[in-house]
Each structure stands twice: as structure tokens, then as C-alpha cells.
Amino acid sequence: MKKIFLPVFIILQSTLGFSQFIYFTGNIRNKETGASETGINIVDTQTQTGTTSDEWGNFKLPLTVRDTYFIEIFSLGFEKIRLTLPYSEIAHFQEIKLQNNAVQLENVTIYSPVLHKNQPFSKLDIKLRPVINSQELLRLVPGLFIGQHAGGGKAEQIFLRGFDLDHGTDIQLTVDGIPVNMVSHAHGQGYADLHFMIPELVDQVEFAKGVYHAEKGNFATAGWVNFKTKEKLTQQMIKMEVGQYNTLRTMAAINLLSDEASTKGNNAYIAGEYSYSDSYFENPQDFSRLNLQGRWTGNISPKTKFNLTANYFSSTWNHSGQIPDRAVEEGLISFFGSIDPTEGGETGRSILNFKTNTKLGAGNWSNQIYFSNYQFTLFSNFTFFLNDPVNGDQIRQKENRNLMGLNSVYSVPHLIGNKTAFFRAGIQLRNDFVKNNELSSTFNRTELITPIQFGDVKELNSGLFIEEDIRLNAKWSINMGLRGDYFFNAYFDKLSQVIPFWGRANAGILSPKFNVFYTANDKIQFFVNTGKGFHSNDTRVVVPQNGREILPPAWGFDGGIRLKPTHKMLIQAGIWSLNLKDELVYVGDAGIVEPSGATQRWGLDWNSRIQLTDVLFSDIDLTYAHPRSVNDPKGENFIPLAPLFTATGGLSIRQEKGFSGSLRGRFLADRPANEDFSLVAKGYFLLDLQANYTLKRIEFGFNLQNILNSKWKETQFATLSRLKNEPLGVEEIHFTPGTPFFARFSISYLW
């Protein structure tokens, strides 16, 4: 397939340019570390056309022929470079090294030559906010809330844009291009566990809301997030962290090659993290996690670069589950107690990821091959003694998964007449093979009572996308994209009463995208985004249904403005809507299929960033959502647990040496816990403080979570359950208590 794909791109490239032009090419690296710098703006100031550097630091900017060129190279956190080059030199390859500089909001631009690369908020936030764990990284997405309801080891529940996303059903999460969402997972569709990330290694967090990027396929409906880890360590470090509740964390990261090797594009490092905590529950969590990562970056040839990354992750934990309001109110257990203290789990993941980037004519061809082995076991008890009054309702969900895939993308800047354009196209293949995907009734985590579901899953997703950015003139730009996906699903039911066999189903879907940008000047940009996306359904749904509702589509619209009213202030505001088709949903906790009707959501977003002084910054993110089911009567059409209003914000001090820190608050309003809003998931407001003091080689840090010591419920569900001595079940709020005041202290040695 690749042999057909590549020549098509080269032919397209040769036919896309219609007027005489030359290329300004080069590579951008960090002057201090030698690492490639991604997303750097390279702009021809005379025409205001430009491009951005790719993940390898390479760029190619097509320019019309003239005598002299004035080029600016800039990005947040670096000193701006201005070049004046005659025609005789513009075609020479440029080795450009950027000098680190203090973070200044005046260096943030609302304009990006490659439209979907424009992520000013993500670039600013990750440079300003201290991040203490992998799940905190998700909170860099404005309006995204998370909740943990099964100890520290289970994937967080995610809320965004009027969605209870469960553990990832409608948000695509990737790390270095590797999919994190698990299709047809033992616990539920789209399950996305990010705990294998070491937060100190994350270099960039790319995100966008909506269905408007052709490169993003399955699960990218409410939005997508991609985490990029570092090519080279900016600082080597050894870190020790201690805290309340027997909390301990150690972390180390070390470069393996010399600075001289880095100047030639060769880098290698290893890093490791171990953490342990009993947490604040009455029954100790005994939560432990081990992460290891190694990366090697180098050159295969003068035109081809590579990186090879290996990860290992393992985690075990106990948890107190979701407890009913009545058990606490009647004094049967405390706020931090449990009904079934034997809940818990263990999980692990090993990853190999190989990526290359090749200069191919005027364009770049990037390829990625990845492999992951994943294990998961989870013991839960949501209904206690509702179904089995003797042994209780504990369940075990378990699987062993091999995941492998390929991403191949060709990109090329070019001219259409005298208009700058940027073309991208790619192939994506993903194959999941899940052995012994299990749901069983158990007792005390040791005794198997009844198998409910047990089988093997095969799922193949092949995708093809094309995308074109065109700058029509100094003010108008458009982005057009088309994506096609094909799914093949197979399920081998090992509990079938007849002779077991592989049931199969398949389906395809086309997803068009069209986005318009109007940049009035360097202070105001308007945008309108439209598109279609989808999330796939569980194989255990689509095979019994003979392929019906494999790929329920979603249609989205975003419209808004990016504004820099002053050089120290950045604002983005917009209105959005998203419609999802009705579907059939596999309930992993019960092993049953339930219909889910069509839904409609619309909302408002507000994001602002202000630089108050040279080192003091403020941020405010506000979201309002109006989520409803389409076919249910008014008053009975609320979507359970969907967030309605959120507010986050804070003050951050950023200095390279001395004191840095962040005081942050987050507010989640009351939400409906059921369809008629008769049960309410109570909202909360929390305040957290993170601070560091850096000397030449030593950094001291402390983190205070919930400094007001608020009593709050982190996750809440409307659940029908029965306690040991109750005659009948009771439906009410079941919750996992949120973190009380929690203090941690760290010390790091840097070199």
C-alpha cells in the first residue's frame, strides 16, 4: 500500500505549484541543549506567509522570487531572530539555533502559518504551570476535569464539553503518536490510562476541541490531546518527594551521550520513576507504580533522522470504591470508608516506538511503527449485595492485549499560484488483539464465582487522510480535510453454548472537515470550524449486531475569536455545538448492551491569559455547556454527570532561578446525576498551591492540594445498590471522596 501511496503524494506535489518560487529551508535547534525545536514560526514579513518547524526541527518555506527577503523566526520562550537575505542566499540550508529567553506573553502570536499548529494556550500553560503527576497534564486542556474513583491506578474519569467521557470514549489521547485509548477494553470502550507517563519528560501538550482535524480519527469527537516527550533532557535530575499518608516518590533522568554528540543530532537518555502511597482512605491503598523510559535519537543518513523509545510501566493498588450516601449518613462507615475493602487492581504496559523523518524532495515523510503489550486486572463492587446477597457483587475485569500500528505521513509546503499552501496526507493502521477479555463474578478477589463474558477480540482500524492549508491572501485562510476509516471486528466467544466461533463485522466511514480563518491584523483572528468525526463501538456490541452501529458519527461546529487587545493579554472566546447519532453501548461492568439515544450539545468557552508583571501571569478558563438527549421528553432529557459550568484559573510566577509557583482554583457546578435531575451530583471548589525555589543545582518544591481542606466528592454516580442487611435495593448518589488537605515536599538535584 505504501508503494502506491508515496508516488501519489509526489505527483500531487509536482502539480500543486503553478508559479516560480524557491524554498527557504533549514533546521532549528535549541542553542543550549542541541535538541530539535518543534512548532517554531518562520515568517516572511513582506508577505506574512510562513511555516512552522516539524517535530524534528525541520522547515521548508516556499517563497516567490525577488531580490531581498526579510525573515523572522520566533516562538514563546525564545529570543526572536531576524534575517535579511539576498536572493543568492535564500536557498542555502540554514542551521538555526534559538536562545532560551524568559516567557513573555508579547511573544505569543494569534497567527500560525500552518493553521492547525496554532496552539498558543498549550505552549504558554506548559511553560508556566508546575506539573506534579501525569493526570495533572490533562488539566492543561481548558475546561477539562478529571476524577479518580478506584484508587490511584485506574484511569481517571474525564469530563469535557458537556460529556461524561467515562475513561475516554469521546476524547482521543496519544503519547508520541501512540494511541492510549483501548478499543473493546475489559472495563469499557475507549479506556485511556496515562499513568505510564513520567511528567518531567513531557515537552509539549498539543490539544484541540472538536472534530476538525483530519489526522485525528477514532474517539476525537469532544477533542484530542497528544503528549510529546523530550528528545533530550534540558537538565539531568534526581528527585525525591515525600508527603502525607505514607507518600513517597523518587525520579531520575540522565543523558547518555555527550554535548558534542548532541550538536550532531544524536541524543539518548534514560529515566525512571517509582511512587508509593497509602492515600487518605481508611483502608490503605498500598498503591505503587514503576515507570521506566529510554530514548535514542540520531541520524540514519544525511536526509533521515530517527528516534527509538522504550517504556515499561507496572502498577498495583487497593481501593475503597464508590460508597452510598446512606452508609455515611447512617454512620455505617466514615466519609473515607468502604463497603468492600477488597477492591483493587493491577496493570502494566511495555512499549516500543520507532519513528523516522526523511527529507523527500520539497517535503518531509515521517513514519512510525509501534508495539505495546498491555495487561489489566480490576476488582470492583458497585452494587454490593444487590444481585448476590451471600457473596456480594464483586466483579473481575481482565485482559491481555497486544497493540501494534503504523503512521505514515507526507507533508509539503508549496504555492498555488502565488498563494502559500501546506499539504499533508497519511496512512494510519492499528491492530488490537485481546486475549481472554473477561468479566466474572468473584469473591474477596480470590474466588471465581461465575464467568459472565470471556473471549478474544480482534480489531483492525485502517485510516487514510488528506489535508490542505491555503492562505488565500493576507487575511483569509482555509483548511480542508477528508478522512476515511475502515474497521474490521472479530470476537471469539469462549462461553458460547454452541461450538465457539469467530463472529465478524466490518464498516467504513468518511469524515470531511472545513475550517475558515480571518486574520484582521496581528491582534484579531476569527475562526469557523466544521467537521464530522466518530468513535467506534465495542466489538462485543457490533459483532452480535452484525455490524450495526459500529461507527456512530458526530457533527460539530465551532466559531469564535482570538484576540490580543494588548501585547500582555491573550483571549479566545467561542460558541460550539456537537451532535451525536444514537448508538448501542456495551456496559463493561455488567456485560450487557444498552441503547444510547442521539444527543445534542452546545456551549460557550472563554479563555484568557494576562501577564501582570515580568514574572507574574494570570489565567481564567470558563465553560458553559447545554447537553441534552434528543428523543426524550423535556425534563427527562438531561445527560447524567455531564458538566454544565466549569471555571478554572490561577496566578503563576515563573523565574528560571529563585521562586516559582502557582496558586490555582477549580470549580465544577452541580450536575444532573440522572435523566430527570432528581439526583444531583454536587459541585465543588478547590484551591491548590505549588511552589519551587531553585538554586544553581538544587530545587526545593512543595505541593499543597485542597489548601482549604474542603470536603468534596471527586466522582459521583446514581447507582442502585443493596447493603448487607437491606431487604431491597436503593438508588441514590454513590461517591468517591476527594482529596483532603494533602502536603508533599520534594528536593531535586539538577545538573
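The values are calculated or read from the model by the stated rules, or taken from the named source; none is laboratory data. Computed from a predicted structure; not experimentally measured. Virtual Cβ from ideal backbone geometry, glycine too; neighbours counted across all protein chains shown.
Tabulated data for the structure shown
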item: Of all residues in the stretch 175-191 being within 19 Å of residue 544 (Cβ to Cβ) and small (Gly, Ala, Ser), the one that is surrounded by the fewest Cβ atoms within 10 Å (Cβ to Cβ); result: 188
item: Residue that is farthest from residue 284 (Cα to Cα) [pool: residues in the stretch 325-338 that are out of contact with any Gly (no Cβ under 7 Å at 6 or more places or on another chain) and not in a helix (DSSP H, G or I)]; result: 330
item: Residue 4 hydrophobic (A, V, I, L, M, F, W, C) and either at pLDDT 75 or above or outside any helix (DSSP H, G or I) (or both); result: no
item: Segments classed as strands (runs of 3 or more DSSP E), wholly inside the stretch 185-297, with at least 1 members that are touching a residue at least 60 places away in the same chain (Cβ under 8 Å), over 21 Å from the mean Cα position of the chain (by Cα) and more than 30 Å from residue 576 (Cβ to Cβ); result: 237-243, 247-255, 267-277
item: The stretch 314-364: number of residues that are touching a strand residue (DSSP E or B) at 6+ places or on another chain (Cβ under 6 Å), within 30 Å of residue 423 (Cβ to Cβ) and surrounded by fewer than 16 Cβ atoms within 10 Å (Cβ to Cβ); result: 1
item: Elements of type strands (runs of 3 or more DSSP E) in the stretch 61-112, at least 1 residues being basic (Lys, Arg), in contact (Cβ under 8 Å) with a residue 24 or more places away in the chain and touching a strand residue (DSSP E or B) at 6+ places or on another chain (Cβ under 9 Å); result: 94-98
item: Flag if residue 152 is touching a Ser or Thr at 6+ places or on another chain (Cβ under 9 Å), modelled with pLDDT under 90 and not in a strand (DSSP E or B); result: yes
item: Residue that is surrounded by the fewest Cβ atoms within 10 Å (Cβ to Cβ) [pool: residues in the stretch 549-560 that are at pLDDT below 95 and of a type in the set (A, V, I, L, M, F, W, C)]; result: 551
item: Residues that are over 15 Å from residue 563 (Cα atoms) and either aliphatic (A, V, I, L, M) or surrounded by 16 or more Cβ atoms within 10 Å (Cβ to Cβ) (or both), drawn from the stretch 603-617; result: 603, 604, 612, 615, 616, 617
item: Candidates 593, 587, filtered to the one that is hydrophobic (A, V, I, L, M, F, W, C), touching a helix residue (DSSP H, G or I) at 6+ places or on another chain (Cβ under 7 Å) and at pLDDT below 95; result: 593
item: Test: residue in the stretch 275-291 that is aliphatic (A, V, I, L, M), within 28 Å of residue 336 (Cα to Cα) and surrounded by fewer than 18 Cβ atoms within 10 Å (Cβ to Cβ); result: yes
item: Every residue from the stretch 485-502 that is farther than 15 Å from residue 544 by Cα and crowded, with 16+ Cβ neighbours inside 10 Å; result: 485, 487
item: Residue in the stretch 490-501 that is assigned to a strand (DSSP E or B) and under 19 Å from residue 217 (Cβ atoms) present; result: no
